[in-house]
Each structure stands twice: as C-alpha cells, then as structure tokens.
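Worksheet for the structure shown next.
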Amino acid sequence: MSGTIPSAASLYQRVQRVIPRVEWAAFSDDVEAILALKRERNAVILAHNYRTPEIFHCVADIVGDSLALARKAMTVDADMIVLAGVHFMAETAKLLNPDKTVLIPDLGAGCSLADSIAANDVRLMRQRYPGVPVVTYVNTSAAVKAESDICCTSGNALAVVESLGGERVIMLPYEYLARNIAAQTSVEIIAWNGHCEVHERFTPADIRELRDAYPGVTVLAHPECPPEVVAVADFAGSTVAMSDFVGRHKPARVVLMTECSMSDNVAIEHPDVEFVRPCNLCPHMKRITLANIRTALQETRHIVTIDARVVDGARRAVERMLAV
Ligand code: 13P
Ligand code: SF4
C-alpha cells in the first residue's frame with residue numbers, strides 16, 4: 001500500500017455531521033493506529049453498511065451490502081482481510097480467498113438468522129421435497145451453504161430464484177425474504193421459519209405513524225422486513241439499493257426501515273436529505289468496534305477457518321450465485 005495516511009483530524013471532516021466532536025475524541029487514537037496497522041500488515045478492511053460511521057467512513061477500504069462485499073472480496077490485493085461485519089460474512093470472504101488470512105474482530109458477532117438453521121435441517125428439507133433446488137441466503141453458516149445448490153443475497157434473490165428455471169424452489173432460512181420474493185415471481189417458494197431479530201420488529205403501524213408524524217416522508221424498507229411492511233413502503237431493496245435510491249431520487253425526507261447505522265452512513269453522503277431515524281439496532285453487528293479492529297490487526301485475531309468437510313460445497317454455492 002502506498003500514499004500518505006490521512007490524519008484523524010482530516011477524516012473527522014467526513015463524519016462530523018453524525019459524530020459530535022466530543023465523541024470523536026474517543027475514536028481518533030484508534031483510527032490513526034488502525035490506518036498505520038493496515039499498512040504494516042498489508043491488510044484491508046471490508047465493512048458492511050451497518051457499521052458505525054467511524055468504521056465505515058474512516059478505516060474501511062471496501063464497503064457495501066452482502067453481495068458487494070462478496071464480489072469485492074474476490075478482488076482484494078492484500079495478505080489479510082479484516083471483516084467488519086458478522087461471522088457469515090467473514091466465512092464468505094474466506095471461501096473466496098482461501099489463501100488469505102481473514103480475521104473477525106469478535107467471534108461473538110453472529111446472526112439470529114444464521115442461527116435459525118443447521119445443515120441437517122437442509123437435508124431434511126431435501127428429503128421432504130425431493131428434486132426441488134435449495135436457494136440459501138448468505139446469512140447462514142458455511143455448513144448450511146454446503147448443503148445448498150446456490151446462495152443468494154437480498155440484492156439478487158429474485159434473479160437467483162428465476163435463474164434456476166424450475167417451477168419450485170426451497171428458499172432458506174428467512175421466511176419474510178422468501179415471502180417477499182414469492183410476491184414477485186411465479187416460481188413457487190417453499191420457505192423456512194428463520195427470522196432476523198432486527199427487521200422482524202418493523203410493523204405497518206410504524207409506517208403509518210411515521211407518515212402521520214412526518215408528512216411526505218419516503219419510506220424505504222429492507223426485504224428482510226415483514227411482507228406487510230414492504231407492501232406499504234415506497235420502495236424495498238438491499239442496503240445498497242436503498243442507498244442508491246436516495247442518491248437517485250433525492251427525497252426531501254426519507255426513513256430507512258433497517259439497522260440504525262445505515263441512516264448515519266447514507267446521511268453523510270446526502271447532506272441535502274432529511275433522515276427520519278427510527279431504527280432497530282443489530283447487537284451482533286455492534287460487537288465490532290474500532291478497539292477490537294485495532295486488536296485484531298495487532299494480534300492477528302480471530303482467524304476465520306472453515307471445516308474442510310464443507311469448504312468446497314459452500315464455495316460452490318457462493319460462486320454459483322456470483323455467476324448469476
Ligand atoms: P444486505 O446488506 O445484503 O442488504 O443485508 C442486510 C443484512 O441483514 C446483513 O446482515
Ligand atoms: Fe443477522 Fe439481522 Fe443482524 Fe443482519 S441485521 S446480521 S440478518 S440479525
């Protein structure tokens with residue numbers, strides 16, 4: 001890596017709209033240390049859109065939704081990848097970069113959705129619906145991916161389902177994503193009952209109240225929200241699709257029905273848009289902090305490994321998705 005390392009003071013300019021100066025004082029030392037460590041260790045940081053702004057805007061090299069992170073993980077030119085996201089994202093980065101050291105700063109950064117299903121559940125679904133292809137959301141363990149035909153993300157789920165060319169698919173593990181996709185296709189979708197603890201809590205009543213309190217507000221919902229919420233939103237799409245929508249349409253007022261940090265990160269890019277901010281916090285995403293990213297780089301921890309028995313199957317399912 002070359003070029004001068006930006007100072008913490010210059011980086012503060014990027015985030016001053018959402019981080020008060022007094023809070024920044026607690027971040028600047030870690031930001032400077034992380035920028036120096038990245039260079040020393042030839043490391044890059046991949047950060048999901050739900051990262052807090054001091055990570056997303058100040059130390060990350062690659063940012064995006066789950067699909068973008070998976071795609072961009074393949075193009076990384078570094079010895080080490082630090083995944084500022086949750087465990088399944090780090091596993092996906094490792095699947096696509098078997099020769100690189102992939103680190104997750106906190107092993108407890110899991111996902112309620114990934115925890116809702118095990119490899120044996122997929123085998124049971126196959127027995128119950130013989131011959132029906134299995135599409136698995138990337139928010140799953142490598143062991144579950146290995147039992148699947150193909151993966152999908154919220155950004156490509158419809159395209160993946162339709163790429164299979166059949167009349168039926170099993171779509172695991174998120175019930176609401178499966179129902180939201182079923183509403184857009186003639187392919188019959190057989191769902192599982194896994195849920196995201198962040199998005200399942202949004203309700204149509206929330207949207208009604210927001211529209212009453214903030215006249216004219218444009219409501220964008222993540223496809224992990226319940227179908228009744230998506231039905232009354234103005235637009236539904238992945239985290240990147242929501243961000244692109246704001247850039248393209250420049251609504252005067254917008255609300256993002258998704259994890260809290262999204263609004264902060266998108267608001268920084270669009271100072272002319274007013275963000276209404278009811279949101280639900282993902283406790284798993286929030287386990288990743290500047291402090292544990294710094295420790296991860298200093299101490300090379302925690303190294304992500306994937307069981308040799310599932311690695312080839314899981315990689316095949318992810319690569320098949322990326323080819324769609
Ligand atoms: P996307 O960023 O792919 O839309 O996913 C949202 C999510 O919940 C990731 O955990
Ligand atoms: Fe999992 Fe939901 Fe958190 Fe995403 S937001 S990591 S799906 S619990």
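Restricting the search to the range 199-229, which residues are within 16 Å of ligand 2 (Cβ to nearest atom), among the acidic types (Asp, Glu) and in a helix (DSSP H, G or I)?
Glu200
Residue count for the range 277-296 satisfying the condition of being of a type in the set (Val, Ile, Thr) and open to solvent by 10 Å² or more (accessible area, probe 1.4 Å): 2.
Identify the residue in the range 107-128 that is outside any loop (DSSP other than H, G, I, E, B) and under 14 Å from Glu175 (Cβ atoms) and, among all such residues, is farthest from ligand 1 (Cβ to nearest atom). It would help to see each step written out before you state the result.
So in the range 107-128, the residues outside any loop (DSSP other than H, G, I, E, B) come out as 114-116, 119-128.
Cutting the leftovers down to under 14 Å from Glu175 (Cβ atoms) gives us 116, 121, 125.
Numbers: Ser116: 13, Asp121: 20, Met125: 22 Å.
Looking at residues that are outside any loop (DSSP other than H, G, I, E, B) and under 14 Å from Glu175 (Cβ atoms), I get Met125.
Limited to the range 274-285, what total is found for residues that are within 13 Å of ligand 1 (Cβ to nearest atom) and part of a loop (DSSP other than H, G, I, E, B)? Let's see the steps before the verdict.
Going residue by residue through the range 274-285, those that are within 13 Å of ligand 1 (Cβ to nearest atom) are 279-285.
Those still in the list that are part of a loop (DSSP other than H, G, I, E, B) too: 279, 281-284.
Result for the range 274-285: 5.
Taking the listed residues Ser148, Ser154, Ser163, Ser141, the one that is over 23 Å from Val229 (Cβ atoms), in contact with a Gly (Cβ under 9 Å, 6 or more places away or on another chain) and of a type in the set (Gly, Ala, Ser) is Ser148, with no other qualifying. Of Glu147, Glu197, Glu175, all but one fail to be open to solvent by 10 Å² or more (accessible area, probe 1.4 Å), charged (D, E, K, R) and touching a helix residue (DSSP H, G or I) at 6+ places or on another chain (Cβ under 7 Å); the exception is Glu147. Checked against (1) at negative phi; (2) open to solvent by 10 Å² or more (accessible area, probe 1.4 Å); (3) small (Gly, Ala, Ser), Gly216 passes all but a single condition, namely (1).
Let's see how each residue does on (1) open to solvent by 30 Å² or more (accessible area, probe 1.4 Å); (2) part of a loop (DSSP other than H, G, I, E, B); (3) closer than 17 Å to Val76 by Cβ:
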residue: Ser10; (1), (2), (3): yes, no, no
residue: Gln13; (1), (2), (3): yes, no, no
residue: Arg17; (1), (2), (3): yes, yes, no
residue: Asp29; (1), (2), (3): yes, no, no
residue: Leu37; (1), (2), (3): no, no, yes
residue: Val44; (1), (2), (3): no, no, yes
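Would you confirm whether or not the range 93-100 contains a residue that is free of Cβ contacts under 8 Å to residues at least 12 places away in the same chain, surrounded by fewer than 24 Cβ atoms within 10 Å (Cβ to Cβ) and among the acidic types (Asp, Glu)? Scanning the range 93-100, I find at least one residue that is free of Cβ contacts under 8 Å to residues at least 12 places away in the same chain, surrounded by fewer than 24 Cβ atoms within 10 Å (Cβ to Cβ) and among the acidic types (Asp, Glu), so the answer is yes.
Scan the range 258-273 for residues that are in a helix (DSSP H, G or I) and within 12 Å of ligand 1 (Cβ to nearest atom) and the total you get is 3.
Remark: pairs (first residue in the range 265-282, at negative phi and among the charged types (D, E, K, R); second residue open to solvent by less than 50 Å² (accessible area, probe 1.4 Å) and modelled with pLDDT under 95; Cβ separation under 6 Å; 6+ apart in sequence or on different chains) = Arg277/Ser263.
The values are calculated or read from the model by the stated rules, or taken from the named source; none is laboratory data. Bear in mind that the values here come from a model prediction, so they are computed numbers and not experimental data. Please note: Cβ atoms are built from the backbone with ideal geometry, for glycine as well, and neighbour counts cover all protein chains shown. Just so you know, the surface numbers come from the protein's heavy atoms only, side chains and all, with ligands and any DNA or RNA stripped out. Shrake-Rupley method; radii C 1.70, N 1.55, O 1.52, S 1.80 Å.
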